[in-house]
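Peer 1: What follows is a single structure, and I will ask about it in a moment.
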Amino acid sequence: VPVDGSHWLSMREVLDILGQKGHEVVVVAPDVSLHIKPSKNFVMKMYSVPYTLEEMEKDFKAFFHVAFEEGSFFERFFRVFEGIKRLTNFGVAS
C-alpha cells in the first residue's frame, strides 16, 4: 500500500532489519515520494504516477498551513476537509 508518512517510516525500520538479516526485501513505490527512498537493505521497484513532487509538496504545505488560518469552526473544518480530499487523491492516483 503506497503510504508516504509515518506508516512508511515505521515500516522502513522493519525492512532494514529484515534486509540486514539476509532476507530479500523488495519495495514497490511511486517514483514521486516525500520519504520513500532507496536503501542498501532492500531493492526498490518504482512506478510512475501522474503528479510531480512539486505538486505533492505544495498540497502538503497548504494542508498544514490551514491549521493556523483563522475563521469559524465550519470554515476551518471545510478547508481541512478539502485538503484531506486533495491529499487522498495522491494515494488514489498511486
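The values are calculated or read from the model by the stated rules, or taken from the named source; none is laboratory data. Since this is a predicted model, take the numbers as computed values, not measurements. A quick note on method: Cβ atoms are made from the backbone with ideal geometry, for glycine too, and the neighbour counts reach across all protein chains shown. Keep in mind that these areas ignore ligands, DNA and RNA; they rest on the heavy atoms of the full protein, side chains included. Shrake-Rupley method; radii C 1.70, N 1.55, O 1.52, S 1.80 Å.
Peer 1: Rounded to the nearest whole Å², what accessible area per residue is found for the chain with the 1.4 Å probe?
Peer 2: I get 73 Å² per residue for the chain.
Peer 1: Using the Cα gyration tensor of region 6-47, with a ≥ b ≥ c the square roots of its eigenvalues, what is the shape: rounded (a/c below 1.5), prolate (a/b larger than b/c) or oblate (neither)?
Peer 2: oblate
Peer 1: OK, next. Considering only DSSP states other than H, G, I, E and B, which GluC sites (Glu not before Pro) in region 34-94 qualify as loop sites with at most 14 other Cβ atoms within 10 Å?
Peer 2: Those that pass, being in a loop and sparsely packed, are GLU69, GLU70.
Peer 1: Still on this model: Tally Lys and Arg at +1 and Asp and Glu at -1 over the other residues with C-beta under 10 Å from the C-beta of ALA29: what net charge comes out?
Peer 2: That works out to 0.
Peer 1: Suppose accessible area is computed on protein heavy atoms with a 1.4 Å probe; arrange MET11, MET56 from highest to lowest.
Peer 2: Highest to lowest solvent-accessible surface, that is MET11, MET56.
Peer 1: Let me ask another. About its Cα centre, what dipole magnitude does region 6-47 give when the only charges are +1 on Lys and Arg Cβ and -1 on Asp and Glu Cβ, stated in debye to the nearest 20?
Peer 2: 60 debye
Peer 1: Between GLU54 and PHE77, what length comes free when the chain is fully extended (0.36 nm per residue of separation minus the Cα-Cα distance, one decimal in nm)?
Peer 2: 5.8 nm
Peer 1: Give the ranking of LYS21, LYS45 by solvent-accessible surface, highest area first, calculated with a 1.4 Å probe.
Peer 2: Sorted descending by solvent-accessible area, the residues read LYS21, LYS45.
Peer 1: May I have the count of lysine pairs in the chain with C-alpha atoms under 17 Å apart, counting pairs 8 or more residues apart or located on different chains?
Peer 2: Count of close lysine pairs: 4.
Peer 1: Here are several values of Rg and Dmax of the Cα atoms in Å: (1) 13.2, 41; (2) 17.9, 57; (3) 16.4, 55. Which one was derived from the coordinates shown?
Peer 2: Matching entry in (1) 13.2, 41; (2) 17.9, 57; (3) 16.4, 55: (3).
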